[in-house]
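The values are calculated or read from the model by the stated rules, or taken from the named source; none is laboratory data. Please read all numbers here as calculations on a predicted model, not as lab measurements. Cβ coordinates were reconstructed from backbone atoms using ideal geometry, including for glycine residues, and neighbour counts include every protein chain displayed. Note: areas computed on protein heavy atoms with side chains; ligands, DNA, RNA excluded. Shrake-Rupley method; radii C 1.70, N 1.55, O 1.52, S 1.80 Å.
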Amino acid sequence: MAKADASKLDWNNLGFEYMDLPYRYTAHWKDGAWQDGGLTENSTLPLSEAAVVLHYGQGAFEGMKAYRTPDNKIQLFRPDRNAARLKNSAERLLMPVFPEDKFVDAVKQVVKANADFVPPYGTGGTLYIRPLLIGSGATIGVHAAPEYIFTVFAMPVGSYFKGGMTPVNFTTSQYDRAAHKGTGQSKVGGNYAASLLPGDNAHKDGFADCVYLDPVNHQKIEEVGSANFFGITKDNVFVTPKSPSILPSITKYSLLWLAEHRLGLGTEEGDVYIDQLDRFKEAGACGTAAVISPIGGLEHNGKLHVFYGETEVGPVTKKLYDELTGIQFGTVEAPEGWIQVVD
Ligand SMILES: Cc1ncc(COP(=O)(O)O)c(C=O)c1O
């Protein structure tokens, strides 16, 4: 694949696609310790055919973004939370933890080295950053790998769901992405492999993605594709599901805080029953990639439940979006510790 050329990119019309940027960070773990890592131009990883990640899925990743501010600075949104979540995922898959301070430093090095690819302010584009930790060492029995690779690469992106802040429709899936005591709380490849077929089925049926219900009784909403769900009740409570098989979304926890402290809404992490959608006047999907994507309608058992509307964004969703993205792009004051500038 050809290296990306920043001078040829159409910043206003970026998709959500891989690009091979000039630099990434790579570090190796062997003989029981992390070796010194650093930037490299090589975008391929040399792997044994018996690398544990290839067979047994011993790998975890993160998704985060760098934002260009109006005064041309570049900033990260809560990168310490991604470092902490990768630590949790690593522990769940019996992988060595990449130190959290070094994680943030590696991300900053990659963003700085690829600064030409951070889209200009006002285009809506961002630099999507993908930290990845894999069991690279060879073994054929089901064991943890003897060696690991931690890498961070990046690419400029536009909106994840077509249309960005315009409402899209979803449908419930009959499949589960993760079990309650499985790996749903971890950002590991297996969860996403399990989501490919249900996601594809939803796309074929004309939906943006599928909504997963709880893996025990299929009665409660869990996730919206690769984003968390939120609803705004008729009496202005921001409600988001609580379950051991949901990925703890950094965007969701940020919105919970903003809803309470900036918008004066009530907040609740609890059960969201699929047969009680009438309690919500608005609903959305939230995540780093999705940002906030309003849910126009949600189909379940052949019936489409429309929230605020299939074409218009509800006012609370819009306010949450403006507050969140204002903080991320540096035009709204951030709560302490949420923003780290890359210089
Ligand atoms: C399954 C799943 N749920 C939720 C999210 C949203 O998490 P975050 O807000 O930390 O990006 C993501 C994306 O990372 C995801 O893959």
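Points worth noting:
- Accessible surface, per residue, of the range 1-145 when the full set of protein chains is kept, probe 1.4 Å, Å²: 49
- For the range 184-343, the calculated P(r) over all alpha carbon pairs, in 10 Å bins from 0 to the bin holding the longest distance, is 10, 40, 36, 13, 1, 0 percent.
- Mean Cβ neighbour count within 10 Å, used as a protection proxy, ranking 240-250, 84-94 highest first: 240-250, 84-94
- Value of relative contact order over the chain, rounded to a whole percent, pairs C-alpha under 8 Å and six or more apart: 19
- Distance histogram in 5 Å bins (all Cα pairs of the range 262-343, percent per bin): 3, 12, 19, 21, 19, 11, 8, 5, 2, 1, 0
- Ligands, DNA and RNA left out, the accessible area of the range 114-156 computed with a 1.4 Å probe is 58% carbon and sulfur.
- Globularity ratio of the chain, using Cα Rg and 2.2 N^0.38 Å: 0.99
- The chain: most fluctuating residue of 181, 318, 252 per GNM, C-alpha cutoff 10 Å: 181
- Part-to-part distance (alpha-carbon centres) for the range 225-239 and the range 121-196, which is given in Å: 22
- The share of accessible area on the range 5-81 that comes from carbon and sulfur is 45 percent, using a 1.4 angstrom probe.
- One quarter of the convex hull surface built on the alpha carbon atoms of the range 161-243 amounts to 6.2 nm², the projected area averaged over directions.
- Dipole magnitude (debye, nearest 20) for the chain, charges at Cβ of Lys, Arg, Asp, Glu: 100
- Cα gyration tensor, the range 63-194 - rounded (a/c under 1.5), prolate or oblate: oblate
- Sorted peptide list for 16-27, 183-194, criterion being average Cβ within 10 angstrom, highest first: 183-194, 16-27
- Selection from 194, 178, 153, by position along the positive dipole direction of the range 148-213 (Cβ): 153
- Cα-Cα pairs of the range 1-129 separated by more than 21 Å (percent): 48
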